[in-house]
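Structure record follows, encoded as structure tokens.
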Amino acid sequence: MKGLAWLMQLLTGLALTILVAYHFLITHIFGSLQLEDVVARFHELREFYTILLIVVAFHAFNGLSVIVEELGWRKFTRIFYAIMVGVVAYGLFLLMSV
Amino acid sequence: MPSLNTIAFYLHRITGVILAIYLCMHLCFLTTVKTGQYSSLIKVTLSKQFLPFDLLLFLIGIYHGVNGIRLIIHEFGLLYRYRRVLLYSTFIITAVLWIIVALEVIM
């Protein structure tokens, strides 16, 4: 992993430690997983979940493309970026439509 | 016998793949908020039978996060002299955080 993708993997990884910890706290400690609470969080924290979705999707699928590249399957790396776009699009659709 | 560093490296990769798969499953699960099956499904995932999977997921997530911070520290050329201490600390911090989180979720 080199250049911008490498730097972004580090930065998104750092950001995720904070974002995921906050997500865990508001879902499992200070909030609940009941439907009303989930829907309320979708509405009240839409910006937070949009950022979390984009950051986590990039980190996950950029990471998978790196693993595939290191295994020597370089031509498959772009598939993960395509899946990343699909996951972000679907996640945003869910966020905006609930 | 592989070194602890090699084990940490492969664990980071394996936990990363599992978390990526979980991300997709999580989005599929959230689809049920829209389709109306969420309330019945969340009862299943909050049941005692599902608790071991939850705890395993927390362990995987905490390890990936703590080990990731260790890797970032070394990538920026910091604390390389203490790499062995940091490596052991990663496993200890993971265990401590996991116990705290597990107790919070169980109680």
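Looking only at segment A:8-22, which residues are more than 9 Å from chain B (Cβ to nearest Cβ) and touching a helix residue (DSSP H, G or I) at 6+ places or on another chain (Cβ under 8 Å)?
A:8, A:9, A:12, A:15, A:19, A:22
Every residue in segment B:72-90 that is buried (at least 18 other Cβ atoms within 10 Å of the Cβ) and touching a His at 6+ places or on another chain (Cβ under 9 Å), please.
B:86
Please find, within segment B:16-52, the residue that is nearest to the other protein chains (Cβ to nearest Cβ) out of those that are among the polar types (S, T, N, Q) and under 21 Å from residue A:89 (Cα atoms).
Ranking the candidates gives B:31 first.
Can you tell me which residue within segment A:23-55, out of those that are under 18 Å from the mean Cα position of the chain (by Cα) and aromatic (Phe, Trp, Tyr), is farthest from the other protein chains (Cβ to nearest Cβ)?
Ranking the qualifying residues of segment A:23-55, first place goes to A:48.
Can you give me the number of residues within segment A:74-94 that are farther than 18 Å from residue A:63 by Cβ, under 13 Å from the mean Cα position of the chain (by Cα) and aliphatic (A, V, I, L, M)?
Final tally of qualifying residues: 2.
Going through segment B:1-13 one residue at a time, which ones are within 10 Å of chain A (Cβ to nearest Cβ) and free of Cβ contacts under 8 Å to residues at least 24 places away in the same chain?
Listed by number, the list holds a single entry, B:13.
On the given criteria, is residue B:69 β-branched (Val, Ile, Thr), facing another protein chain (nearest Cβ under 8 Å), surrounded by 13 or more Cβ atoms within 10 Å (Cβ to Cβ) and within 21 Å of residue A:56 (Cα to Cα)?
When the stated conditions are applied, residue B:69 passes them.
With the requirement that a residue be surrounded by 18 or more Cβ atoms within 10 Å (Cβ to Cβ), in contact with a Leu (Cβ under 8 Å, 6 or more places away or on another chain) and of a type outside the set (Phe, Trp, Tyr), what does segment A:43-78 give you?
Scanning segment A:43-78 gives A:52, A:53, A:55, A:56, A:57, A:59, A:60.
Every read-out reported here was derived from the displayed coordinates using simple, explicitly stated rules and does not represent laboratory data. For clarity, every value in this text was computed on a predicted model and none was experimentally measured. When we count neighbours, we look across all protein chains shown, and the Cβ atoms used for this are built from the backbone with ideal geometry, even at glycine.
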